[in-house]
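Notes follow once the structure below has been shown.
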Amino acid sequence: MDPEDLEPRLRKAQPKPLDGLSIAELEEYVAGLEAEIVRARGVIAGKQSHKSAVDALFKR
């Protein structure tokens with residue numbers, strides 16, 4: 001048995017069906033996605049900052 005067999009597999013989320021949503025629901029959905037993008041970019045910025053600090057500490 002390979003160790004990879006024990007790892008949980010990440011499944012890509014299926015796209016949400018949008019045809020049945022109203023304009024208001026679509027706008028709310030887009031706003032939620034934009035908020036999630038901002039959150040992800042904040043995490044990226046924090047990780048880049050941390051990496052820069054570590055690189056400076058070890059003078060890479």
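Values quoted throughout were computed directly from the atomic coordinates according to the rules given, and no laboratory measurement underlies them. Values in this document were obtained by computation on a predicted structure and should not be read as measured data. Here the Cβ is made from the backbone with ideal geometry for all residues, glycine too, and neighbour counts use every protein chain on show.
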In Å, the C-alpha Rg and Dmax of the chain are 19.3, 55
Among Ser52, Ser22, Leu10, the residue whose Cα sits farthest towards the positive end of the charge dipole of the chain (+1 at Cβ of Lys and Arg, -1 at Cβ of Asp and Glu, taken about the Cα centre) is Ser52
Measuring from its Cα centre, the chain shows a charge dipole (+1 at each Lys and Arg Cβ, -1 at each Asp and Glu Cβ) which, in debye to the nearest 20, is 520 debye
Residue span Phe58 to Ile23: 0.36 nm per residue of separation minus Cα-Cα distance leaves a gain in nm of 7.4 nm
Which of Ala31, Ala40, Ala13 fluctuates most in a GNM of the chain (C-alpha springs under 10 Å)? That residue is Ala13
